[in-house]
Structures are given as C-alpha cells and as structure tokens.
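Input: a single structure, listed below in structure tokens.
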Amino acid sequence: MSEEKVTTDIITLSRHVLDEQRKHKEASGDLTLLLNAVQLGCKFVATNVRKARLLNLVGIAGGAVNVTGDEQKKLDVISNEIFINALRSSGKVAVMVSEEDEKAIIVEDEMKGKYCVVFDPLDGSSNIDAGVNVGTIFGIYKIKDGSSGTISDVLRPGREMVVAGYCMYGSSANMIISTGNGVNGYTLDNAIGEFILTHPNIKIPKRGKIYSVNEGNAKYWDEPCTEYFNSLKFPPEGKNPYSARYIGSMVADVHRTLLYGGIFAYPADKKSKNGKLRVLYECFPMAFLTEQAGGKAITGRERVLDVTPQNIHDRCPIFLGSEDDVEDIETIYKKHSC
C-alpha cells in the first residue's frame, strides 16, 4: 500500500503576496506588512467565532446598537477591537473606518502609515447565534500624494482601492483577496496557522443559475427590480427558472455567487431609498472582487465602483455577479428610464 505523498511546497498568502511584491521593483513592502496585519486579525476573529458559544460571546452586547442602526453582538465589539489593534500596530495605516465606529479613526502620527483601511469587522453577525457563516470585509486605499491621512482619503470611488477582500468564518476560514490582478482564495490551515492557496485565479461564470435577494422586501421594490426577478422565476417557455438561495450574510451569499455564478442583490426600495448596504466597507470591496473575477457590479443605473461617497457610512443599492446576469437587470433599468 503506497504512502500518501505529503505536499511540502505550499503557497501561503504571505508567500503569494511576497512573490507579487518582487515583481514590482518600486514596492516598499509596506502593503505586504499591512496584509500580514489583516491576516492576523482574521485568524484571531476566526478563533473567537469558533469558540463563541463556549466563551459566551454570542448574544447582544448589552442592548447596544452601532452607528448604522444594527444591534451590536458581543463578537462585533471584540472583532472591531481586534482589527483596530492589529492595523494600528502594523504602523502602515493612517485612517481606519469601521462599521462599528461613528467617526473615522485617525492614527496618531508616531504610528501613522500611508494606507487607509475600511472594514466591516463581522458582517452577518445577526445570524451568528444560529451558526450561520459570518465574515470580515475590508478594502484598502493608499493616501493621496501630500496628504497626512484624513477622511478625504477614503471618500473616494471604489475603483481607487488597491486591495479588497473578505474572510469568511464557517466550517473553515476562507480568505478571498484581490490586489488588482485577479482574485485568489485561501483556506486557513489551523495546524500551521497559515492561509493556504486553495482557489487560485477565481473566475465567476459568465452566466449563473442562482439569484440571491431578500424577497421579504419584494413589496417595496421598484418596477425594474420586480420585473427582473419575476423574469428569473417565470422565464419564457423552454428556459428553466433560476434557483433562489439567500443566506442573509453578505459574505456567504457573495462567496457562493463568485464560485457558482448568478446574481446577488440588495436593491434600493420604498423603505430604504439608498439601499441597505454600506458603500465603503461592504459594496466597494465586494464590487472590486466581482469585477476582478470577471463579473459586474452596478447600483441599477451606474457602476458601483464609480460611486463617490459623501459620508463614511453612506449606503447604496447593489447588483453583482455574472456579467450576463447583471447586464440583464441593467438593460431593464435602462428601459424604464427612457
């Protein structure tokens, strides 16, 4: 009986990032060190998520509500502290924006770097007591030339981000990341404490068979949105209807959409005129990843990455996924605007 061959030449996230750095002679290594800090935060949060029930970290944090109106879970608070501390201590960050903090965090001069990080430390936490996959979403900007690091360095279109990614915590911890040259996926190997490359060069299918949207809001949708989703459920003769899959955790829903194709949506409606999801640390990173994987992301009427936020907690509608699927809803919106 032959022995199983052990792979000793593994590609970790750190190794992959260093390999990319070597291709750019002008690179200082600062972004590599910053991504190491992001990794550390994700590993620390992954450990707390796995032990949440044992450590009594589930439930609401004393009835607290964050700045965007969501109930704060105990893990929201802990995850936020983990990332703020990890990012600040890297010495590479000038500005941080978190879903959990009302104002942007301007790093003190002695610890200040040349990057800005926007993040949702624990997306989908409202489902965590039920054991549903949750995750961290992040995006990174480089501060503008001549800037010392201010809010204006993050109130910019998403197309100006230099890195976007998320880490999903479930049966395994999966990091999906793009530095602007495609999308790669890594899985945390707890035995060695490293993210290992498991999904190289992720490409979203040109068309999918799944739609993901909260149909509990269908009553409040506008006409183009209603028409589009009805077309998926009741297609012309000879075409199969799409399957509905909605978890309610953006990280989990987008992760499935990236791998299998189809469309994820959180549209604007009569209740939420600007949509529900936040531009900087939810819509921009996910739109960046989707485009890098060959898909599209729109608000309905414009490219998500072309939106310029006015405030750090602004919201916008979003439709993202397979190119053909997103173009279908784009066509319907154009028809209704004529």
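Can you tell me the mean projection area, over all orientations, of the convex hull of the chain's alpha carbons? Units nm², please.
Average projection, Cα convex hull of the chain: 21.0 nm².
Averaged per residue, the chain has 46 square angstrom of accessible surface, using a 1.4 angstrom probe with ligands and nucleic acids left out. In terms of the mean number of neighbouring beta-carbon atoms within 10 Å, the peptides 303-310, 280-287 order highest first as 280-287, 303-310. Residues of the range 153-197 falling in the label zone of residue 306, defined by backbone nitrogen less than 20 Å from a point 7 Å along Cα to beta-carbon, are 155-162.
Ranked highest first by the average count of other Cβ atoms within 10 Å around their residues, in what order do 209-221, 172-184 fall?
172-184, 209-221
Using a 1.4 Å probe over the heavy atoms of the protein chains, calculate the carbon and sulfur portion of the accessible area of the range 207-308 as a whole percent. Ligands and nucleic acids excluded, carbon and sulfur reach 47 percent. Here residue 50 and residue 334 are evaluated by their C-beta separation; at R0 = 51 Å the FRET efficiency comes out at 0.65. The slack in the chain from residue 160 to residue 111, taken as 0.36 nm per residue of separation less the alpha-carbon distance, amounts to 15.3 nm. Given +1 at the Cβ of Lys and Arg, -1 at the Cβ of Asp and Glu and no other charges, the dipole of the range 107-250 around its Cα centre is 660 debye to the nearest 20.
The listed peptides 104-114, 135-145, 232-242, ordered by packing as a protection proxy, come out as 135-145, 104-114, 232-242 (highest mean of other Cβ atoms within 10 Å first). Spin-label model, residue 198/residue 15: points 7 Å from Cα along the beta carbon direction are separated by 1.7 nm. Summarise the accessible area of the range 111-150 (1.4 Å probe, protein heavy atoms) by the percent that is carbon and sulfur. Roughly 46 percent, rounded to a whole number. The calculated FRET efficiency for the pair residue 220 and residue 259, based on their C-beta separation and a Förster distance of 41 Å, comes to about 0.85. In a fully extended conformation the segment linking residue 271 and residue 171 would gain 32.5 nm over its present Cα-Cα distance, using 0.36 nm per residue.
The values are calculated or read from the model by the stated rules, or taken from the named source; none is laboratory data. Quick caveat, the model's predicted, so the values are computed rather than measured. Backbone-built Cβ (ideal geometry, glycine too); neighbour counts: all protein chains shown. Ligands, DNA and RNA are excluded from the accessible area calculation, which covers all protein heavy atoms including side chains. Shrake-Rupley method; radii C 1.70, N 1.55, O 1.52, S 1.80 Å.
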